[in-house]
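Working notes, structure below.
The values are calculated or read from the model by the stated rules, or taken from the named source; none is laboratory data. Values in this document were obtained by computation on a predicted structure and should not be read as measured data. Please note: Cβ atoms are built from the backbone with ideal geometry, for glycine as well, and neighbour counts cover all protein chains shown.
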Amino acid sequence: MARYADPGVLEWVESGGGPLIAVPEAVLPFWSGADGEEMDTDYDRACEVDGYVGLLPVGDSAALVLGDEPAATSFLADHGTFVRWSAANSEDDLLAGIPAALHAAAWEDEVGWDVPGPVVLFDSAWSGTDTAHQEHLRVPLAPGRYAVRAAYAQPGPETWAGLVQLRRLPH
């Protein structure tokens, strides 16, 4: 896994140029990535997502596509937020600005995401069965419905980040 700081506080996932995707572990085998016999692969579907986030059916669940740009991404469990590193001098600078960015962000409309349990974040070009051999990040989400909102923020003069925040909804 890529690390931006030595020793690095977080593990970061990068893509080869396309979107990252968070697929529930329960349906990982159903994500075929750029491979497939159909004209439109799962990767093609992920690339068609317009905006910061989108949901795609996978098996009997849905995956969360992190669109817009292929920025290095990690998950801050304390904030329930995927952080997308667009620009910062260091990991420390980026992380120091996140609380202010979360407070000041101009959030897009929320989408609802039903999650059966933990998800795996990885490059959408890879198949779900390849994640064990590729750069990925396991996010231990509890089963349930989540409100997902996204924003792009500039918490400092040289720091920009994409934010995708998850908020678990009551039953």
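Results, tabulated for the structure shown:
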| quantity | calculated |
| --- | --- |
| Qualifying residues in segment 53-69 (those that are in contact with a Leu (Cβ under 7 Å, 6 or more places away or on another chain) and not small (G, A, S)) - the one nearest to A87 (Cα to Cα) | L66 |
| Within segment 16-45, tally of residues that are in contact (Cβ under 8 Å) with a residue 12 or more places away in the chain and polar (S, T, N, Q) | 1 |
| Condition met for H79 (out of contact with any strand residue (DSSP E or B) (no Cβ under 8 Å at 6 or more places or on another chain) and either within 27 Å of H171 (Cα to Cα) or surrounded by fewer than 22 Cβ atoms within 10 Å (Cβ to Cβ) (or both)) | no |
| Selection status of V23, in a loop (DSSP other than H, G, I, E, B) and in contact with a strand residue (DSSP E or B) (Cβ under 7 Å, 6 or more places away or on another chain) | no |
| Residue list for segment 120-154, restricted to those being modelled with pLDDT of 95 or more and surrounded by fewer than 17 Cβ atoms within 10 Å (Cβ to Cβ) | R138, P140, A142, P143, G144, R145, A147 |
| Among the candidates P99, P70, residue that is over 17 Å from the mean Cα position of the chain (by Cα) and either small (G, A, S) or within 23 Å of Q154 (Cα to Cα) (or both) | P99 |
| Single unsatisfied condition, D35 versus (1) exposed (fewer than 15 other Cβ atoms within 10 Å of the Cβ); (2) farther than 18 Å from Q165 by Cβ; (3) charged (D, E, K, R); (4) modelled with pLDDT of 95 or more | (4) |
| Residue in segment 19-29 that is at pLDDT 95 or above, surrounded by fewer than 20 Cβ atoms within 10 Å (Cβ to Cβ) and of a type in the set (G, A, S) present | yes |
| Pair list, Cβ < 6 Å and 6+ apart or interchain, from segment 103-117 residues that are over 20 Å from A22 (Cα atoms) and surrounded by 15 or more Cβ atoms within 10 Å (Cβ to Cβ) to residues that are modelled with pLDDT under 95 and of a type in the set (A, V, I, L, M) | A105/A153 |
| Residue list for segment 60-71, filter: modelled with pLDDT under 95 and either in a strand (DSSP E or B) or crowded, with 16+ Cβ neighbours inside 10 Å (or both) | G67, D68, P70, A71 |
| When residues of segment 156-171 are limited to those that are touching an Asp or Glu at 6+ places or on another chain (Cβ under 9 Å) and not polar (S, T, N, Q), the one surrounded by the most Cβ atoms within 10 Å (Cβ to Cβ) | G162 |
| Unmet requirement for E48, which otherwise passes all of (1) touching a residue at least 40 places away in the same chain (Cβ under 8 Å); (2) closer than 30 Å to P155 by Cα | (1) |
| Single unsatisfied condition, G51 versus (1) buried (at least 17 other Cβ atoms within 10 Å of the Cβ); (2) on the phi > 0 side of the Ramachandran plot | (1) |
